[in-house]
Amino acid sequence: MLKKVTPLILVAAVAACSSPLERRQANGGEDYVQAEQAPMLKIPEGLKTPFYNKEYQVPPLGPKANTALVGKTLDIRPPLQVLPMAEGTHVEEGSDNIKIVVESIENSGDLKQEIFANLDGFLAKQAIPVRSRDFDKSSIETDWIESREVIESSMWGTDKVYLLRQRYRFDVETRPHGRTANVSIHLVEHEEFYDDKAQVVLLSGEDKQRYTIDMLNSAIAYMSIKRDQAIQANRLKQTLGINVDLVTPEEGAAYWSAKAPYKQVWDRLRIVLPEMGFEIADMDSAKGLYFIKFTDNSGFWSSLWSDNKVSLEEGSYRLLLEDGDTPEETKLFLRDGEDQPLANDVISNINQSLSDLMKEERKLR
């Protein structure tokens, strides 16, 4: 068929460019493949052996070297570099796959769910079809990903197209503690066609790494954006005030009910407790315990200007955090150094100070 052309084109022309296979190969001849190594000079007895410059000496092949990678089969392209750009990630490289180690940035979040959500979002954004997704088996396998490139274009004939088709599999391995996971990628299938004719391509380990690195870098770049957004949202959330109510049951000790998730309350207390005059001696987030000491440092000037003076005896105390009746509630229990509940009137005396500081909105730093 006749293609549309601009009036400026006065002569027929055929545009051709190198194919992906040719870009892997060195320019020029391949006579060096048949070259033989010249023997060392035989020095007659009684003469000194001349000095040989070893600057351009070719080192011997290692035991794992592929001796078939010469001439047209040798890939001259420089290697790609893995870019673990996302917060909390680093690289582990294998012989035929790349592994990214992902660390949790939110102790309260499900790391495996986060990774799968990011992989799903990346594949959807790139319009990459998914052949199978198995959360229990921790894998996502893509369908064929096709990349077409016009190699030869003619005004009268059809274009000659180079087609690259590939399928990948992402594997997610979560550690038992749930705070770290490995994300590895594998090239499952690879096909190349030129002008609808299949090309015989022998992929080496370096070839597979090149393709998997390129795909994994794109996925991690997407994860980086999502993690940065999550970190910013979490920082903004930490600046918001938390309402705290004093609860005095008919039986049992009084306690506080903070209207926020456990992690958010825990982080806010690390700021608020020193402002109330408590020194944080130790903490155990797994048990929800703050070991604190109170020293009354309120002199004349501090008592004059402070609106959050705490009326409490000096000594050691424990502040215990427990999950509330809903995910958006956390209970706080203040006890003495022997882990005994304080009197309700003591809790009531410091309620105003704790409540005011907890609900105060902070500037984002």
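Applied to the range 214-230, the Karplus parametrisation 6.51 cos²θ - 1.76 cosθ + 1.60 on θ = phi - 60° returns per-residue 3J(HN,Hα) values of 4, 5, 5, 4, 5, 5, 5, 4, 5, 4, 4, 4, 5, 5, 4, 5, 5 Hz, with x for Gly and Pro. Pairs Lys263/Lys359; Lys112/Lys287; Lys137/Lys226; Lys112/Lys359; Lys331/Lys359; Lys64/Lys99: which are spaced more than 27 Å apart, C-alpha to C-alpha? Listed pairs above 27 Å: Lys112/Lys359.
Estimated at the nearest 10 Å², the accessible area of Asp325 is 120 Å² with a 1.4 Å probe. Packing here is the average count of other Cβ atoms within 10 Å per residue, and on that basis the peptides 196-206, 46-56, 110-120, highest first, run 110-120, 196-206, 46-56. When Thr330, Thr158 are compared by accessible area of protein heavy atoms, the largest-first order is Thr158, Thr330, using a 1.4 Å probe. Only aspartates and glutamates eight or more places from Lys72 in sequence, or on another chain, were considered; those with a Cα closer than 13 Å are Glu22, Glu30, Asp31. When all protein chains stay in place and ligands, DNA and RNA are ignored, the 1.4 Å accessible-area order of Lys125, Lys64, largest first, is Lys64, Lys125.
The values are calculated or read from the model by the stated rules, or taken from the named source; none is laboratory data. Given the structure is predicted, the values throughout are model-derived calculations rather than measurements. Every residue, glycine as well, gets a Cβ built from its backbone with ideal geometry; the counts of neighbours run over all protein chains shown. Note: accessible area is taken over every heavy atom of the protein model, side chains too, but ligands, DNA and RNA are not part of it. Shrake-Rupley method; radii C 1.70, N 1.55, O 1.52, S 1.80 Å.
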